[in-house]
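Structure first, then comments.
The values are calculated or read from the model by the stated rules, or taken from the named source; none is laboratory data. This structure is a prediction, so every number in the text was calculated from the model and none was measured. Positions of Cβ are generated from backbone atoms using ideal geometry, with glycine treated the same way; all protein chains shown enter the neighbour counts.
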Amino acid sequence: MSNERCAPRTAFSFSDLPASRGLPKTVGRDRGTAEITMGETQASNPELQRLRASIDNIDAALIHLLAERFKCTQAVGEYKATHGLSPADPSREAIQIGRLRKLAEAAHLDPDFAEKFLAFIVKEVIRHHEAIRRERG
């Protein structure tokens, strides 16, 4: 697998993402098993629509960034499997936790939340790395 997709970008722009298709008129409840109609007050409020459109764009950016991140971690998993390295790297994880906690503090984001988010991602990455190692025998 080529690592060129993992090369650092000079800058990220929301314009790199597909345009938002607007807000839905209904929202799912109970994981989409039932639908409820948004109240007219909320649906017709331009400021609320503008704010929600921004949230939708940020959510799209997060999904695209996670997809790119997992492409890179896939390459790391293949490298580790090829070179007989462990799927987990506790010292790297500790460094990342410290780094991301500092970033979270600087961004006024709860560092505990940032750590939990990273732990969730790392757990999934390790699961992928273990699967790659099993596939390679």
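Six or more apart or on different chains, Cβ under 8 Å: which pairs go from a residue in the stretch 86-101 that's on the phi > 0 side of the Ramachandran plot and at pLDDT below 95 to one that's surrounded by fewer than 16 Cβ atoms within 10 Å (Cβ to Cβ) and not in a loop (DSSP other than H, G, I, E, B)? Could you list them? Filtered contacts from the stretch 86-101: no entries. Cβ-Cβ distances below 7 Å connect the following pairs, each with a first residue in the stretch 53-66 that is surrounded by 12 or more Cβ atoms within 10 Å (Cβ to Cβ), a second residue that is part of a helix (DSSP H, G or I) and not charged (D, E, K, R), and a separation of six or more residues or different chains: Asn57/Phe14; Ala61/Phe14. Residue count for the stretch 81-97, restricted to those that are surrounded by 12 or more Cβ atoms within 10 Å (Cβ to Cβ) and not in a loop (DSSP other than H, G, I, E, B): 4. Among residues of the stretch 109-137 that are crowded, with 16+ Cβ neighbours inside 10 Å and among the basic types (Lys, Arg), those with a beta-carbon under 7 Å from a residue that is in a helix (DSSP H, G or I) and at pLDDT 95 or above at least six positions away or on a different chain give the pairs Arg133/Ala81.
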